[in-house]
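Worksheet for the structure shown next.
All of the numbers you see were taken from the coordinates with simple rules; none came from a lab. The model shown is predicted, which means the values in this text are computed figures rather than measured ones. Don't worry about glycine lacking a Cβ; one is built from the backbone with ideal geometry, like all the others, and counts go over all protein chains shown.
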Amino acid sequence: MSIVHFFLLPGLLLGGAVVAAESSDHPAPGSQASFVSCPIYRDTDAGRKSGCWIATDGATGQRYDVSDSPAKPWVGRQILVEGVVSGGPDICGGVALNPVRVAILPETCPEAIIPAEGYPSKPSVMPKDVMMPIGFARPVPVGPFSKQTYQIYFDLGEDRLTYQSVETTLDRAMLYAVASHARLRVTGYADGRGIVVSGRRLKESKRLAKARADMVKRALVGLGVPSKAIKLSWNLDPAPVPSQTGMLNPSKRRVTIELEPAATAGQ
């Protein structure tokens with residue numbers, strides 16, 4: 001499939017899909033957006049990896065900037081967008097969503113790349129907190145130790161660990177587990193009830209919950225946690241963790257890591 005380079009105009013027909021005009025009523029900061037859309041890549045020139053990802057909610061015509069999602073869209077594939085309006089400046093040609101999560105759906109759509117059109121975007125920057133290579137020394141937790149809980153989040157339908165999103169959490173869990181000789185319960189969850197968005201019901205299976213738990217266990221063992229110290233379980237439809245993600249539904253697609261240090265085991 002060839003990539004289409006074009007300027008988006010209200011009502012423009014592309015590949016059988018109508019691109020809606022942008023709404024003049026901007027959503028208020030803190031309001032949530034959830035919709036299925038075809039992503040558009042804005043090819044700005046603000047340095048390496050500075051391009052923007054934008055998507056239009058077909059129900060309202062509002063265009064959103066989804067660039068801050070941990071997983072980026074793919075041109076030519078539909079996406080599920082779930083986010084919170086940040087109130088930040090419009091630097092990409094859409095209302096900024098942060099936090100925001102994007103999930104790649106199997107359905108195809110026109111591959112769209114558009115020019116900067118005066119939008120500055122922002123240059124790529126390293127995250128504030130990055131995982132050091134395993135061979136590098138880093139601070140090891142010291143006692144007294146207590147029970148700890150860590151959350152690892154996934155995109156809809158995925159069991160992959162998102163790059164530059166979960167490594168530091170896994171690293172912290174590993175360091176604490178090894179230092180405290182902890183037992184770990186790794187519980188995978190999936191959204192079995194699902195959500196209805198843009199006229200479609202999107203839900204997950206219990207098999208995906210197990211695959212997520214397996215993925216996190218493999219990552220922890222690879223970092224240095226003894227396999228025998230980890231107990232796996234999985235289930236559907238956990239309670240959401242809104243304080244962690246700012247959004248209810250994405251927070252249910254997760255793995256919970258519970259650490260019980262040896263000194264507290266059985267107490």
Whole-Hz ³J(HN,Hα) from phi, Karplus 6.51 cos²θ - 1.76 cosθ + 1.60, for the range 175-186, glycine and proline x
4, 5, 5, 5, 5, 9, 6, 7, 8, 10, 10, 10
Cα centre as origin, Lys/Arg/Asp/Glu Cβ charges: the range 98-234 dipole, Debye
820
For the range 92-250, with +1 on Lys and Arg beta carbons and -1 on Asp and Glu, the positive-most of G118, S180, V216 along the dipole
S180
Net lengthening on full extension, D90/R193 (0.36 nm per residue, minus Cα-Cα)
33.6 nm
Which far-off residues, 5 or more places away or on another chain, put their amide H under 5 Å from the one on L105, with H placed in the peptide plane?
Q78, I79, L80
Give me the distance between the Cα centres of the range 66-86 and the range 142-166, rounded to whole Å.
20
Cα gyration tensor shape for the range 148-260, rounded if a/c is under 1.5, else prolate or oblate:
prolate
Linear extension gain, A59 paired with K231, 0.36 nm per residue minus alpha-carbon span:
57.5 nm
